[in-house]
Amino acid sequence: MENTRNLNDIDVIKARKRNAMILLEFTKICPFRWMKNLYLCHFCEAQFTDPALLREHNAIDHPSRSAAEIKDVLSKLKKHELVKVDITDISCKLCDDNIDSFNNLKVHLQTVHRKNLNLQMNDGVLPFRITKDEYKCTLCELQYDEFKTLNQHMNVHFQNFICEQCGTGFITPERLRTHAFSHETGSFPCESCEKVFRSANSKKEHYATVHMQVKRHRCPQCPETFRNYFQRNKHISAIHGMKLKEFKCTMCPKVFTLSGKLGVHVRTVHLKMKRHACDICDWQFYSKSELKDHMVKHGGERKFQCNVCKKGYARKYTLREHMRIHENDRRFICTICGRSFVQNCSLKHHIKVHHPEEADAFLNVISLD
């Protein structure tokens, strides 16, 4: 926690910048920017998909950094932004002492070389130690699927700005403002389709990905970009032959390709956690989608009507799924006996009832899809 009792905001920012200046000038830590799965050199804007190549470039092309160059780097940051640094190499440039940790590196600069580092203050840097395939927090060892989520996680350790509504902390006011959108509730209809969202942020994300088809997920091996994480993973596996990470449940044989899906599985299947409660009748559900379906029972308008059997549905998607019954669209096929079904849930039920011996293996395959 920063010692800001006798310092105003400007003094705090100056102290951070001074600490960052000393660390960047007298150590071999590697400053970088990150944008759409690319690691950018802070000095010359060279781009890399592999952080190891960024470190190599930094060591060869920018071995000595003048105070003027470092000031230029720091001047490009927003007021409260911390400079991202890779601390894989924590060598001191002033001597050959063996330093075993980033914290000891700071103590070393202050005590051995008499550098004016304020150890009671935030360093002005955001420390990462990353490889092409591993994204582990340097402060708590938690591991993530990609750099984006690791970068978001760092808010936990640098809570400079606090959300008044929920108490969550963030590194910069920009991150706090983005988070604030999640508390906006109401009715936000999409101008390009019939969907309605509970928050402006959800509507904005939907419009960007569905209607603008923004490709935010970049392949770590090539410049190809994708609309979502699943398309990117499929490309990585098919084109580059890379084996995707697997997240195995410790309580059953199921395996997942996303740590988030594993977490949902553990909470719902093994811990039986129902975190989504109905405000009207207090029924609880595993997911938001289950709660949303339930709310129809409390007077939700069923404005989408089947023109064959006249059944009404609250959502257009549910009506489309229902219409497949009338069209006999049997797209879900049992690989064991060949029977086909209109809905995936019908296929799952069939497997559990008629092929119980193969049920676990079958459902495991579905989880991996």
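The values are calculated or read from the model by the stated rules, or taken from the named source; none is laboratory data. Just so you know, these numbers come straight off a predicted model, no measurement behind them. No Cβ is skipped: glycine too gets one built from the backbone with ideal geometry, and neighbour counts run over all protein chains shown.
Residue pairs whose Cβ atoms lie under 6 Å apart, sitting 6 or more positions apart in sequence or on different chains, and linking a residue in the stretch 206-224 that is closer than 22 Å to Lys243 by Cα to a partner that is at pLDDT below 75 and surrounded by 14 or more Cβ atoms within 10 Å (Cβ to Cβ), are His217/Tyr229.
Could you tell me whether the stretch 347-360 includes any residue that is at pLDDT 75 or above and within 32 Å of the chain's Cα centre (by Cα)? I'd like the intermediate steps shown before the answer.
From the stretch 347-360, those at pLDDT 75 or above are 347-355; that's our starting set.
The next check asks that each one be within 32 Å of the chain's Cα centre (by Cα); those that pass are 348.
Within the stretch 347-360, one or more residues are at pLDDT 75 or above and within 32 Å of the chain's Cα centre (by Cα).
Among the residues of the stretch 126-161, those that are among the hydrophobic types (A, V, I, L, M, F, W, C) and touching a strand residue (DSSP E or B) at 6+ places or on another chain (Cβ under 9 Å) comprise Leu126, Phe128, Ile130, Cys137, Leu139, Leu142, Phe147, Leu150, Met154, Val156, Phe158, Phe161.
Taking the stretch 223-233 as the search range and keeping residues that are in a loop (DSSP other than H, G, I, E, B) and touching a helix residue (DSSP H, G or I) at 6+ places or on another chain (Cβ under 8 Å), which one is modelled with the highest pLDDT? For the stretch 223-233, the residue satisfying everything is Glu224. Checked against (1) in contact with a Cys (Cβ under 9 Å, 6 or more places away or on another chain); (2) exposed (fewer than 12 other Cβ atoms within 10 Å of the Cβ), Met212 passes all but a single condition, namely (1).
Looking at Val112, Val125, which is the one that is over 19 Å from Cys30 (Cβ atoms), modelled with pLDDT of 90 or more and hydrophobic (A, V, I, L, M, F, W, C)? I'd like the intermediate steps shown before the answer.
Numbers: Val125 fails: over 19 Å from Cys30 (Cβ atoms).
Result of the check over Val112, Val125: Val112.
Taking (1) surrounded by fewer than 16 Cβ atoms within 10 Å (Cβ to Cβ); (2) at pLDDT below 75 in turn, Arg218 satisfies each apart from (1).
If you check Leu23 against the conditions, is it within 23 Å of the chain's Cα centre (by Cα) and in a helix (DSSP H, G or I)? Criteria not met by Leu23.
Table: residues versus (1) in contact (Cβ under 8 Å) with a residue 12 or more places away in the chain; (2) within 17 Å of the chain's Cα centre (by Cα); (3) in a helix (DSSP H, G or I).
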site	(1), (2), (3)
His235	yes, no, yes
Met242	yes, no, no
Gly263	no, yes, yes
Thr268	yes, no, yes
Lys274	yes, no, no
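Identify all residues within the stretch 44-73 that are surrounded by fewer than 18 Cβ atoms within 10 Å (Cβ to Cβ), touching a residue at least 24 places away in the same chain (Cβ under 8 Å) and under 16 Å from Phe128 (Cα atoms); write none if there are none. Residues satisfying the conditions are Thr49, Asp50, Ala52. Summed over the stretch 116-149, residues that are surrounded by fewer than 17 Cβ atoms within 10 Å (Cβ to Cβ) and under 20 Å from Asp97 (Cβ atoms) total 2. Selection of the stretch 29-46 for residues being touching a Pro at 6+ places or on another chain (Cβ under 9 Å) and not aliphatic (A, V, I, L, M) yields Cys30, Phe32, Asn37, Tyr39, Cys41, His42, Phe43.
When Thr138 is tested against (1) touching a residue at least 12 places away in the same chain (Cβ under 8 Å); (2) under 34 Å from the mean Cα position of the chain (by Cα); (3) assigned by TED's automatic domain parsing to the domain that holds Leu74, just one condition goes unmet, and that condition is (3). Looking at the stretch 167-183, is at least one residue within 15 Å of the chain's Cα centre (by Cα) and within 30 Å of Tyr317 (Cα to Cα)? Within the stretch 167-183 (the criterion being within 15 Å of the chain's Cα centre (by Cα) and within 30 Å of Tyr317 (Cα to Cα)), the answer is yes, since at least one residue qualifies.
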